[in-house]
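The values are calculated or read from the model by the stated rules, or taken from the named source; none is laboratory data. Remember, it's a predicted structure, so these values are computed and weren't measured experimentally. Using ideal geometry, Cβ is built from the backbone for each residue, glycine included, and neighbour counts are taken over all protein chains shown.
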Amino acid sequence: MGNSIRIGALVSGGGSNLQAIIDACGSGAVDGDVVFVAADTPGAGGLERARRHGIPTFVCEYRKIFETYREDPAGFKLPDDFDPDLAFSRQGLFNARGDRREIAAFLATRAAAESRLLEGMAGYPFDLLVLAGFMRKLSPYIIDRINTDPSLPRIMNIHPALLPAFPGTDGYGDTVRYGCKVGGCTVHFVDYGEDTGPIIGQRAFAIRPDDTLETVRARGLRLEWELYPACIQLFAENRLKVVEKSHPGPGGGVFIRKVVKIT
C-alpha cells in the first residue's frame, strides 16, 4: 500500500464525520481521497455533502429489502454465495442460543442488502471503508469480503463512547444517564460483534455538573472530527496491525483478545 489511500464511506445521516474526513483529505492531514459515499437511505444528508465535493454516491435502500422479505420470506432472493450456517456461526451480535429463526432472518436480509452494497462498491476500488454514522449493523457476509487479512482489517468505525463501555446506538446518552464523570469517543476496527472490534484510538473529556446531553454530544462530536481523521492517517501510514494478546482467564485459563499495535 502506498501513502495515498482510497477511502469508501457509508452514511445514514447528516455526515458530519464524513465532512471531517473529506476536509482532512483536502488539507493533507489524511493522505488519501474519498472515492465513494454510499447510504442506506436516499435522504441521508451525507450524500449531498459528497456531491458538493464531486464524490460519487449510491444508495442501497435497506428498508425496501426488508419489506420484500416480510412480504415473501420463502421466495426471498439470497446472494448465491451466502452460507447461512457459516454466517450464524461467526456472528457475534446475538446470543447463539437465541431464536434461530430471528437470527437467520437478520443475517439473510443483511446479506441481501450487503451484496448490493458490494456491487456498488465494485466500481470504486478502495483500501479502507469507514462507517461515518452508518446505522446498520454489518454481518459476517460483508465483513469477510472486505477484511481478507486478519492482521489488517479494512473497516473502521467511530463510536460515541469510551468502549468497551456503552456499545450500541446511543453512546453519549448512555454515558450521561449512567452518571459518568468522563465521556469520550472511540475509533475501532469492525468485527463480528457490536462495537467489539480492536480499538485504534480514543479521546476523552470531563463531564461537568452543568452539562446536558446536548452539550456532551457537541463536545464529543468535536473530538470525533479530530480523532477519526487521525486514525485514518495511521492506516494510511501503514502503522496499524492487529495482534493477539493473551491474559490470564478465569479458572487458570488464558483469555486471548485482539488489540491494535501502532508502530
Return the residues of the range 204-220 that are touching a strand residue (DSSP E or B) at 6+ places or on another chain (Cβ under 8 Å) and either without any contact (Cβ under 8 Å) to a residue 24 or more places away in the chain or within 17 Å of residue 170 (Cα to Cα) (or both); say none if nothing qualifies. 204, 205, 207, 216, 219, 220
Lone qualifier among 29, 24, 9, 44 - being modelled with pLDDT of 95 or more, among the aliphatic types (A, V, I, L, M) and surrounded by fewer than 18 Cβ atoms within 10 Å (Cβ to Cβ): 29
Extreme residue, nearest to residue 220 (Cα to Cα), among residues of the range 169-208 that are among the small types (Gly, Ala, Ser) and in contact with a His (Cβ under 9 Å, 6 or more places away or on another chain): 171
Filter result for residue 92 (closer than 23 Å to residue 196 by Cα, loosely packed, with under 15 Cβ neighbours inside 10 Å, out of contact with any Leu (no Cβ under 7 Å at 6 or more places or on another chain) and in contact (Cβ under 8 Å) with a residue 12 or more places away in the chain): yes
Which of the residues belonging to the range 50-81 are surrounded by 13 or more Cβ atoms within 10 Å (Cβ to Cβ), over 19 Å from the mean Cα position of the chain (by Cα) and farther than 15 Å from residue 118 by Cβ? 53, 55, 56, 66, 68, 69, 73, 76
Taking the conditions exactly as written (small (Gly, Ala, Ser) and buried (at least 19 other Cβ atoms within 10 Å of the Cβ)), does residue 201 satisfy them or not? no
For residue 210, which of the numbered conditions (1) in contact with a helix residue (DSSP H, G or I) (Cβ under 6 Å, 6 or more places away or on another chain); (2) farther than 20 Å from residue 127 by Cβ fails to hold? (1)
Would you mind stating whether residue 138 is under 13 Å from residue 38 (Cβ atoms), at pLDDT 95 or above, of a type outside the set (D, E, K, R) and assigned to a loop (DSSP other than H, G, I, E, B)? yes
If you check 104, 112, which single one turns out to be buried (at least 16 other Cβ atoms within 10 Å of the Cβ), in contact (Cβ under 8 Å) with a residue 12 or more places away in the chain, over 28 Å from residue 228 (Cβ atoms) and in contact with a helix residue (DSSP H, G or I) (Cβ under 8 Å, 6 or more places away or on another chain)? 112
Please tell me if residue 215 is in a helix (DSSP H, G or I), out of contact with any helix residue (DSSP H, G or I) (no Cβ under 9 Å at 6 or more places or on another chain), over 24 Å from residue 24 (Cβ atoms) and hydroxyl-bearing (Ser, Thr, Tyr). yes
Among the residues of the range 186-212, which ones are part of a strand (DSSP E or B), touching a Pro at 6+ places or on another chain (Cβ under 9 Å) and of a type in the set (S, T, N, Q)? 186
Tell me whether the range 235-244 contains one or more residues that are without any contact (Cβ under 8 Å) to a residue 40 or more places away in the chain and crowded, with 20+ Cβ neighbours inside 10 Å. no
Report yes if some residue within the range 90-98 is closer than 30 Å to residue 241 by Cα, over 21 Å from the mean Cα position of the chain (by Cα) and part of a loop (DSSP other than H, G, I, E, B); otherwise report no. yes
Filter the range 105-138 down to the residues that are farther than 27 Å from residue 170 by Cα and of a type in the set (Asp, Glu), then identify the one that is farthest from the chain's Cα centre (by Cα). 119
